[in-house]
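To start, the structure itself, in structure tokens.
The values are calculated or read from the model by the stated rules, or taken from the named source; none is laboratory data. Bear in mind the structure is a predicted one, so any value in this text is a computation, not a measurement. In this analysis, Cβ positions are derived from the backbone assuming ideal geometry, glycine residues included, and neighbour counts consider all displayed protein chains. For the accessible areas, the whole protein counts, side chains as well, though only heavy atoms, and no ligand, DNA or RNA atoms are used. Shrake-Rupley method; radii C 1.70, N 1.55, O 1.52, S 1.80 Å.
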Amino acid sequence: VQLQASGGGLVQAGGSLRLSCAASGRTSTMYAVGWFRQAPGKEREFVAAIGWTGGWSYADSVKGRFTISRENALTRVYLQMNSLKPEDTAVYYCASDQTRRPRVSTAVNGYDYWGQGTLVTVSS
């Protein structure tokens, strides 16, 4: 599975961005796609995930501001980010989980394939 994240950029606080994750290869073996982010000097953290049955999960820090969606099963997954804050600044990665689970995983080590990341910078 190959993943390509795009849509990052520079935005002012309060603004919006939509990230896209395009999957190719053996996408039939994907059971979930997650978004993670990593700020300078910090560990990679969970943002949101959506599963093959449509179930989803969000980090508390983005609930009510970010929305994850999908089309064509999980071959394209979006992260709509509204009301952005400077603390949302990070490199955002999408990743695929090849394991069927009762709920989507929120753990970094629960995902098998990773995209290259796209930088989101929110200015104050």
*Would you check which residues across the range 70-86 are in contact (Cβ under 8 Å) with a residue 12 or more places away in the chain and over 10 Å from the mean Cα position of the chain (by Cα) and list them?*
Arg70, Ala73, Leu74, Thr75, Arg76, Met81, Asn82, Ser83, Leu84, Lys85, Pro86
_Return the residues of the range 94-108 that are open to solvent by less than 40 Å² (accessible area, probe 1.4 Å), not in a loop (DSSP other than H, G, I, E, B) and not charged (D, E, K, R); say none if nothing qualifies._
Cys94, Ala95, Ser96
*Give Ser83, Ser69 a once-over and let me know the one that is at pLDDT 95 or above and on the phi > 0 side of the Ramachandran plot.*
Ser83
*Unmet criterion (only one of (1) of a type in the set (A, V, I, L, M, F, W, C); (2) surrounded by 15 or more Cβ atoms within 10 Å (Cβ to Cβ); (3) within 29 Å of Gln12 (Cβ to Cβ)) for Leu74*: (3)
_Can you find a residue that is modelled with pLDDT under 95 and among the basic types (Lys, Arg) anywhere in the range 13-33?_
yes
*Considering only the range 1-31, state which residues are outside any strand (DSSP E or B), within 19 Å of Asp88 (Cβ to Cβ) and among the polar types (S, T, N, Q).*
Ser16
_So Gly34 ticks every box in (1) outside any strand (DSSP E or B); (2) of a type in the set (Gly, Ala, Ser); (3) in contact with a helix residue (DSSP H, G or I) (Cβ under 9 Å, 6 or more places away or on another chain) but one. Which box is left unticked?_
(1)
*With respect to Ala39, determine if the residue is at pLDDT below 95 and open to solvent by 10 Å² or more (accessible area, probe 1.4 Å).*
no
*What do you reckon, is Leu74 aliphatic (A, V, I, L, M) and under 14 Å from Val120 (Cα atoms)?*
no
*Starting from the range 24-35, keep only residues that are in contact (Cβ under 8 Å) with a residue 24 or more places away in the chain, then list their pairs with residues that are acidic (Asp, Glu) and assigned to a strand (DSSP E or B) whose Cβ atoms are within a distance under 6 Å, requiring at least 6 positions of separation or different chains.*
Tyr31/Asp97; Ala32/Asp97
*Of the numbered conditions (1) open to solvent by 40 Å² or more (accessible area, probe 1.4 Å); (2) at positive phi, Gly54 satisfies every one except a single condition; which is it?*
(1)
